[in-house]
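First up is the structure itself, then whatever we jot down about it.
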Amino acid sequence: MDDLSKLCIHTITTKPWSIEEAMDKYAEAGVAGITVWRQWLEGRDISRVGDELRSRNLEIVSTCRGGFFPATTKQGIDDAIEDNRLAIREAAELGAPMVVLVCGAVPGQPLVEARKQITDGIAAVLPLAEELNVRLAIEPLHPMYADDRSAINTMASANEVCDQLDHPLVGIAADVYHIWWDPDLESQIQLTAEKNRLFAFHICDWKTPTTDFLNDRGLMGEGCIDVPGIRKMVEATGFDGFNEVEIFSERWWAKDQDEFLQAITHAYLNHS
Ligand code: ZN
């Protein structure tokens, strides 16, 4: 029998809610985990937010997001590294064991160069991650974002960066929205798990037609992704982490968020 004990929700999914509202509503609904987007911590006492989350029995799965390493100037590269160090410190203060990395890309910059800067950037922040024991999860993004959001677009590409860094704190966040189309998906999920670097699993759905490349994601069951099938592949590797619902949707954000939360738990139980 399925339940909500492995359901995690990203705060951006219920974007209209503050962290205070989100934590109360998620806990009331029986959601077990939360991934906190950094914007939700702005102006807050971060360690206190962590205590509040734990007092509601919400497991803090990760923070989102670090990354955006590539830049065309030395200053830009340095600033990105500093921001990632800040993200790692914030995660430690919150009590989150992991930061998700949306690695970044710069329009016009060769992707090979961007990937090198990403690898070097992660290497530069690793000593702090080690000191604070925070894991870094590289999230490959769908190739439609290769222009300005991520030069890491497949599980294989993410695994290459992990291979180069070869560090137990560096792994991968697998998000169905970005990787569902990959003919090598199953073997890549297996390989990632074998190397002990399958750190996170994000779920949502791909709508047809998709009217906005960023903010028109679907709830599980609204689109064409075989979420239950991919979840089976992930769980077959022994992965026992959370199923993290991460949905950017103007359509859902415009609705009553209490209804949306009900729809999320229903979709989680019936379509994932
Ligand atoms: Zn994701």
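The values are calculated or read from the model by the stated rules, or taken from the named source; none is laboratory data. Here the structure is a predicted model, which is why all the values come from computation and not from measurement. Every residue, glycine as well, gets a Cβ built from its backbone with ideal geometry; the counts of neighbours run over all protein chains shown. For accessibility, only protein heavy atoms count, side chains too; no ligands or nucleic acids. Shrake-Rupley method; radii C 1.70, N 1.55, O 1.52, S 1.80 Å.
With a 1.4 Å probe and all protein chains in place, put 63, 265 in order of accessible area, largest first.
265, 63
Counting only protein chains, not ligands or nucleic acids, how are 68, 242, 213 ordered by accessible area (probe 1.4 Å), most first?
Correct descending sequence by accessible area is 213, 68, 242.
Which value in nm describes the separation of the simple spin-label points at residue 47 and residue 130, placed 7 Å from the Cα toward the beta carbon?
With each label point 7 Å from Cα toward Cβ, the separation is 2.5 nm.
So what is the relative contact order of region 18-72, in percent, for Cα pairs below 8 Å that sit 6 or more residues apart?
This gives 44 percent for region 18-72.
How much of the accessible area of the chain, probe 1.4 Å, is carbon plus sulfur, in whole percent?
50 percent
Using 7 Å Cα-to-Cβ label points, what is the residue 116/residue 195 separation (nm, one decimal)?
According to this spin-label approximation, the distance is 2.1 nm.
Add +1 for every Lys or Arg and -1 for every Asp or Glu among the other residues with Cβ under 10 Å from the Cβ of residue 140, and state the total.
-3
With an 8 Å cut-off on Cα pairs and a minimum separation of 6 or more residues, tell me the relative contact order of the chain in percent.
18 percent.
Under a Cβ-only charge scheme (Lys and Arg +1, Asp and Glu -1), can you give me the dipole magnitude of region 7-271 about the Cα centre, in debye to the nearest 20?
The calculated dipole for region 7-271 is roughly 80 debye.
With a 1.4 Å probe and every protein chain left in place, tell me how much accessible area residue 135 has, in Å² to the nearest 10.
Residue 135 has an accessible surface of roughly 90 Å² with all protein chains in place.
Looking at region 172-256 from every direction and averaging, what is the projected area of its Cα convex hull in nm²?
5.7 nm²
Taking R0 as 30 Å, what FRET efficiency do you get between residue 18 and residue 214 from their Cβ-Cβ distance, rounded to the nearest 0.05?
Efficiency, from the Cβ-Cβ distance: 0.85.
When ligands, DNA and RNA are left out and all protein chains stay put, how many square angstrom of accessible area per residue does region 139-272 have with a 1.4 Å probe?
41 Å²
Given the whole protein assembly as supplied and a 1.4 Å probe, what does the accessible area of residue 224 come to in Å², nearest 10?
70 Å²
With all protein chains present and a 1.4 Å probe, how do 144, 23 order by accessible area, largest first?
Final ranking, largest accessible area leading: 144, 23.
Given a 1.4 Å probe and the protein chains all in place, what does the accessible area of residue 89 round to, in Å² to the nearest 10?
110 Å²
Take every DSSP beta bridge whose two residues both sit in region 7-271, then give the antiparallel share in percent to the nearest 5.
5 percent
If contacts are Cα pairs under 8 angstrom and at least 6 residues apart, what is the relative contact order of region 1-128 in percent?
Relative contact order for region 1-128 comes out at 23 percent.
Work out, step by step, the length gained on full extension between residue 5 and residue 269: first 0.36 nm times the residue separation, then minus their alpha carbon distance; give nm to one decimal.
93.9 nm
Per DSSP H run of n ≥ 4, the term is -39500 (n - 2.57); total these for the chain, divide by its residue number, and report the mean residue ellipticity at 222 nm rounded to 500 deg cm²/dmol.
-13500 deg cm²/dmol
Pairs to check: 207/232; 15/232; 6/255; 25/195. Give those whose C-alpha atoms are more than 32 Å from each other in this structure.
Violating the 32 Å Cα-Cα cut-off are 25/195.
Work out how much length residue 123 to residue 73 would gain on full extension: take 0.36 nm times their residue separation and subtract the Cα-Cα distance, in nm to one decimal.
Between residue 123 and residue 73, full extension yields 16.2 nm more.
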